Structures are given as C-alpha cells and as structure tokens.
Amino acid sequence: MTNRHTGPTVVERSRPLTIQHAKELQHYGTVARLPIALDASVCRASIDNLNQLLADTMTLRDMYKKHHWQVSGPTFYQLHLLFDKHFNEQGQLVDAIAERIQSLGGVSIAMAHDVAEMTLIPRPPRGREEVAVQLSRLLHAHEIVLKEARAMARQAAEAGDDGTNDLLVSDVIRANELQVWFIGEHLVDTPLVGHE
C-alpha cells in the first residue's frame, strides 16, 4: 500500500528580512558632493530653499485633496473635478522639487510631520468650510508659494544654479499662476443670469 502524505509540506526557502536597522546613508541637512559643476554653498542654499518650497507645495497639494472631498454646493461637481486636477498637478511639482533636491546632493523632506513643522501655509480646520473660504485659502496658499518661488528663482539665477531657476520659473511659478487664475475666477461676483 502507498503511504499518503496527510499534512502540508514545508519547504525551506529564502524569506524576507522584515525588520532591519542601519545607519542613515545621508543625514538631513547635509550635502553630498556630485559632479554637477556647482559650489557646495550654492547647492546648500538651493536645497534649503527647495525644501521649504517642497513643504509648502505638499501642504497646498493636500489642501486641494481636502477640499476635493469636502466641497459642497451648486458648483460641487465642477470644483470637485478641478480640485482633483490641481491636486495631481501639485503632486507632479512635489516630485520635481524633491528630485531636484536629491540631484543637488541634498535630502528632501518626505514625511507629514516634517511638512507640518516647516510649512508657512496656515493650517485649515479639520471640518468642512464654505466654498468661498476654501477658494480663499487656496489662493492665499498659492500666493505664499509664488512669493517664495520668485525670490528663490532670483537667488538661484544670481548663484548660477540654472537648473533650480528653470524648475522654479518654468514649472512651479507657471503652474501656480495658472491654478490661481482658475481658482480666482470662481470668486468673481457675477450674476448667474444676465440683467436687463
């Protein structure tokens, strides 16, 4: 008679090591020298500026998602879609800014608690707000980002950091200006129907 196997067969194989600890490869606030033909002090200044901009851009991005979920009223559908579109565009800026920081030899901030500590944008309440307040908050946040991006672009240009200047002018400033236009037009006081 043949012996039948009654239990599962356990096979020893490689398993993932799930809990590992090691020293950081690079501490936040340090600059790793890369052969990009920029002085370390120029890289350091751009990294510091870009990390501040990154914190504010991440905050603005997340405000768009908050308002996307919490918007209400007669313009719900249009704003729900617009806020999500702007959220995705801000997400692309977040990635571009963080990658520029890394390419300069820095370490980009990444975690929510770091963003909350660094951002210059006032924190909105957890609850829902009226549409006009949501829009005003977004415009104020854009203005903070644009003001700092313009100053940082000038500083990068003066220091010869053309890559950072290009990112700030071509991507950050232009995208934020366009979003300000789209959001600002929702606050213009015009009647829904014409007057005679």
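Before moving on, here are some points about what is shown:
- Sorted by Cβ density within 10 Å, fewest first, the residues K147, K66: K147, K66
- Crossing angle, helix 76-103 versus the chain [Cα axis fit, 0-90 degrees, rounded to tens]: 60 degrees
- Space enclosed by the convex hull of the alpha-carbon atoms of the range 40-187, per residue, Å³: 91 Å³
- Between the residues T59, M118, H27, the greatest Cα displacement towards the positive end of the dipole of the chain, with unit charges on the Cβ of Lys, Arg, Asp and Glu, is found for H27.
- Helix 40-70 and the long axis of the chain differ in direction by around 80°, with both axes built from C-alpha atoms.
- Using alpha-carbon coordinates, inclination of helix 131-159 to the longest axis of the chain, degrees: 80 degrees
- This ranking places D162, D114 by how few other beta-carbon atoms lie within 10 Å of each, fewest first, which gives D162, D114.
Read-outs: derived from the displayed coordinates by stated rules, not from any lab. What you see is a predicted model; the values in this text were computed from it and never measured. Every residue, glycine as well, gets a Cβ built from its backbone with ideal geometry; the counts of neighbours run over all protein chains shown.
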